[in-house]
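Below is one structure; the comments refer to it alone.
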Amino acid sequence: MLHFEVTKKSGKARRGLLKTAHGDIETPVFMPVGTDGTVKAMRPEDVASTGAKIILGNVYHLMLQPGIDLVEEMGGLHKFMNWDKAILTDSGGFQVMSLGPLREIDEHGVKFRSHLDNNTIYDLTPEKSIEIQHKLDSNITMTLDECLELPAPKEVIEKSMLMSVRWAERSYKTFIDRPGYGIFGILQGGDDWTLREECCRLMSDIPFDGYALGGVWLNVLFETIDFTTPFIQENKPRYLMGIGIPADIVGAVLHGIDMFDCVLPSRYGRTAQAFLKHGGTLNLRKGSMKDDPRPIEEGCPCPACTKYSRAFIHSLFKENEILAAMLLTWHNIQMYQDLMKNIRQAIDNGTYEDFATEFFAGFERNSPAEYAKFKSPNRTIILKKS
Ligand SMILES: [Zn+2]
């Protein structure tokens with residue numbers, strides 16, 4: 001059981017407190033992605049120093065390497081990776097579904113061959129996924145669901161959604177409830193509003209500790225949130241899976257989302273893209289960075305900004321030095337944590353709508369091309385990921 005309370009509202013935006021066995025989490029919260037038991041290129045203690053209180057791990061990756069039994073023998077994922085704060089684990093559904101011809105799926109579950117080793121056949125059922133997340137000692141367990149490739153015909157989406165609801169029931173029954181640990185259900189339904197509604201109604205009958213939105217089309221992101229949230233009880237956390245850029249987060253909070261995760265800050269950290277405070281990005285490989293003595297972002301407390309110049313980090317990327325990814329990942333994770341802090345502060349002040357308006361104006365002014373992409377009606381689909 002997880003205790004969650006909404007402590008303040010500003011419009012639809014919510015401030016909340018989520019209590020876990022590994023610490024309290026102020027929401028809205030961003031969870032850095034540590035798929036394989038590590039936020040790539042950062043030590044866990046450095047991730048914690050940015051203000052992160054919870055990270056995300058993944059059943060699929062940990063199952064293949066180093067193996068769940070080994071992590072359990074080592075005392076669980078917190079101990080194994082030296083992270084004493086909270087952990088949410090993804091059920092493995094999305095990764096397994098994206099294996100294409102390497103997997104077979106039916107009512108029972110999924111059989112798959114790993115992308116690392118074609119010979120071993122793994123069997124992942126809703127029950128097994130929950131047992132694995134228990135062995136990992138995950139604070140927030142996610143149900144196994146089918147992540148469809150969209151677009152798909154309505155009858156295909158419906159069949160898949162109904163099976164995912166049956167899997168959610170099986171997952172819920174398998175979960176062993178204990179204080180400070182909880183299980184979240186995932187709301188699917190593709191881009192069909194009647195199916196989204198049916199899924200919400202069926203899933204809200206199962207008393208999950210929180211609900212996640214999966215398989216959301218970016219071009220109707222905010223509409224989907226508005227459509228979905230009335231079906232979720234007020235005192236349950238709402239988690240938007242796998243999204244997104246800072247503007248998506250600012251917008252989604254405006255529409256009532258409490259929890260986020262996304263690979264972008266760490267992935268961009270390895271590909272020379274720095275997130276800036278106004279919401280846009282800066283390419284550190286660009287020629288103009290070569291002799292730029294300024295920090296990536298003035299006022300950012302991360303070591304990349306307080307100790308090094310754009311010119312130095314540009315040079316590291318040019319040489320493919322490991323330090324480049326380390327510094328820039330740190331910066332990006334810090335930017336996301338600071339964004340969440342500012343979001344929480346604005347909700348506390350009751351001025352979140354003004355904060356969001358100002359944020360979007362700054363994003364448009366400073367990064368018009370990226371802003372135009374964000375506003376484009378043809379933004380591509382983002383499935384729950386990582
Ligand atoms: Zn920085």
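The values are calculated or read from the model by the stated rules, or taken from the named source; none is laboratory data. The structure presented is a predicted model; accordingly, all values stated were derived computationally and were not measured. Using ideal geometry, Cβ is built from the backbone for each residue, glycine included, and neighbour counts are taken over all protein chains shown.
Could you run through segment 274-313 and say how many residues are on the phi < 0 side of the Ramachandran plot and in contact (Cβ under 8 Å) with a residue 40 or more places away in the chain?
Of the residues in that region, 9 qualify.
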| task | Read through the list (1) more than 16 Å from the ligand (Cβ to nearest atom); (2) within 14 Å of residue 13 (Cβ to Cβ), then give the number of the only condition that residue 339 fails. | result | (1)
| Selection from segment 159-171 of residues that are over 12 Å from residue 129 (Cβ atoms), surrounded by 19 or more Cβ atoms within 10 Å (Cβ to Cβ) and not β-branched (Val, Ile, Thr) | 160, 161, 164
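Among the residues of segment 255-296, write down those that are in a loop (DSSP other than H, G, I, E, B) and either of a type in the set (Asp, Glu) or within 12 Å of the ligand (Cβ to nearest atom) (or both). Even if it seems obvious, please write down each step before you answer.
First, pick out the residues of segment 255-296 that are in a loop (DSSP other than H, G, I, E, B): 255-258, 263, 271-272, 276-280, 284-286, 290-296.
Within segment 255-296, 258, 276, 277, 284, 291, 292, 294, 295, 296 meet the criteria.
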| note | In the set 311, 325, the lone residue that is of a type outside the set (Lys, Arg), within 27 Å of residue 56 (Cβ to Cβ) and more than 12 Å from the ligand (Cβ to nearest atom) is 325
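When you scan segment 272-292, how many residues do you find that are in contact with a Phe, Trp or Tyr (Cβ under 9 Å, 6 or more places away or on another chain) and over 17 Å from residue 341 (Cβ atoms)? Talk me through it step by step, then tell me what you get.
Going residue by residue through segment 272-292, those that are in contact with a Phe, Trp or Tyr (Cβ under 9 Å, 6 or more places away or on another chain) are 272, 274-275, 278-282, 284-285, 289.
Of the ones still in play, those that are also over 17 Å from residue 341 (Cβ atoms) are 272, 274, 280-282, 284-285, 289.
Of the residues in segment 272-292, 8 are in contact with a Phe, Trp or Tyr (Cβ under 9 Å, 6 or more places away or on another chain) and over 17 Å from residue 341 (Cβ atoms).
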| task | Name every residue in segment 1-46 that is hydroxyl-bearing (Ser, Thr, Tyr) and either free of Cβ contacts under 8 Å to residues at least 12 places away in the same chain or within 30 Å of residue 67 (Cβ to Cβ) (or both), in order of residue number. | result | 7, 20, 35, 38
| Within the set of pairs 6+ apart or on separate chains, which have a first residue in segment 73-99 that is assigned by TED's automatic domain parsing to the domain that holds residue 125 and free of Cβ contacts under 8 Å to residues at least 12 places away in the same chain, a second that is surrounded by 18 or more Cβ atoms within 10 Å (Cβ to Cβ) and among the hydrophobic types (A, V, I, L, M, F, W, C), and C-beta atoms under 8 Å apart? | 74/80
| said: Can you find, within segment 297-308, the residue that is nearest to residue 367 (Cα to Cα) among those that are near the ligand (Cβ under 9 Å from one of its atoms) and in a helix (DSSP H, G or I)? | reply: 305
| field | Counted residues, segment 35-77 - those being more than 30 Å from residue 234 (Cβ to Cβ), of a type in the set (Gly, Ala, Ser) and part of a loop (DSSP other than H, G, I, E, B) | value | 5
| Residue that is modelled with the lowest pLDDT [pool: residues in segment 360-386 that are among the hydrophobic types (A, V, I, L, M, F, W, C) and either outside any helix (DSSP H, G or I) or under 30 Å from residue 57 (Cα atoms) (or both)] | 383
| request: Filter segment 13-34 for residues that are surrounded by 23 or more Cβ atoms within 10 Å (Cβ to Cβ), assigned to a loop (DSSP other than H, G, I, E, B) and in contact with a Pro (Cβ under 9 Å, 6 or more places away or on another chain) and give the result. | output: 34
| residue 219 fails exactly one of the following numbered conditions: (1) among the polar types (S, T, N, Q); (2) in contact (Cβ under 8 Å) with a residue 40 or more places away in the chain; (3) crowded, with 18+ Cβ neighbours inside 10 Å. What is the number of that condition? | (3)
| task | Could you tell me which of the residues 306, 281, 351, 329 is in contact with a strand residue (DSSP E or B) (Cβ under 6 Å, 6 or more places away or on another chain) and not assigned by TED's automatic domain parsing to the domain that holds residue 252? | result | 281
